[in-house]
Amino acid sequence: MKYFILIITLFFTSNVYAKNINISFKTDLDLNCKFEKVIVKNAEHNFVSFTNDQIKRENIESLKITAKNPDILVIKNLSKFINKINLEVKISNKDIILIQAFDQERNYSESAVYTRSTGELIHEITSKINSDEKEKDISFYSCKKNNQDT
């Protein structure tokens, strides 16, 4: 949870420029991620948490993460949006993998943090960024490697 707070602070306080690209650790992962819980903030819910028993969410069967120096970081199968957009924040080090991407209007974003030591994946979707009714969907997953290459 401390990583979550740190990452959220990072997203709200940083501007997205080339300085947000730092690939210092080569990675080639294929992960199987089990959905655990989600925190929802929208017109109905104000940061309400739902477990996998309370809300239906799919597991991520094959989340592929590839990172190479100096600036290549590719994430596949996290979401349709991430599959087709260029990432603005790309960080891969020995501890975490962090990504963030915005749509062209900067009214929708997705970000994710994968912590290598714990296998925890946090995927945040923020929509209606430019309105007073900003919506958030923060999903938590527990991931295990399908392969052993790191």
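Remarks
- Per-residue Karplus couplings for the stretch 45-57, computed as 6.51 cos²θ - 1.76 cosθ + 1.60 with θ equal to phi - 60°, are listed in order as 10, 10, 6, 9, 9, 10, 8, 5, 7, 9, 9, 8, 9 Hz, Gly and Pro entered as x.
- Modelled this way, with points 7 Å down the Cα-to-C-beta line, the labels at LYS37 and ASN69 are 3.9 nm from one another.
- Reachable aspartates and glutamates, given that their alpha-carbon falls under 13 Å from the alpha-carbon of LYS76 and they are not under 8 places away in the same chain: ASP28, ASP30, GLU61
- q = 0.12, 0.17 Å⁻¹: log10 I(q)/I(0) that the Debye formula gives for the stretch 23-145, counting C-alpha atoms only: -0.45, -0.88
- Relative to the current alpha-carbon distance between SER127 and ASN107, full extension at 0.36 nm per residue lengthens the span by 6.6 nm.
- Summary of packing: across the peptides 135-144, 74-83, the per-residue average of other C-beta atoms within 10 Å ranks them, highest first, as 135-144, 74-83.
- Within straight-line cross-link reach of LYS80, lysines at Cα separation under 19 Å, skipping those fewer than 8 residues along the same chain: LYS34, LYS56, LYS64, LYS90, LYS128, LYS136
The numbers here are math on the coordinates, done by the rules we state, and not lab data. In this text, all values refer to a predicted model and were calculated from it rather than measured experimentally. Reconstructed Cβ throughout: ideal geometry from the backbone, glycine too, with neighbour counts over all protein chains shown.
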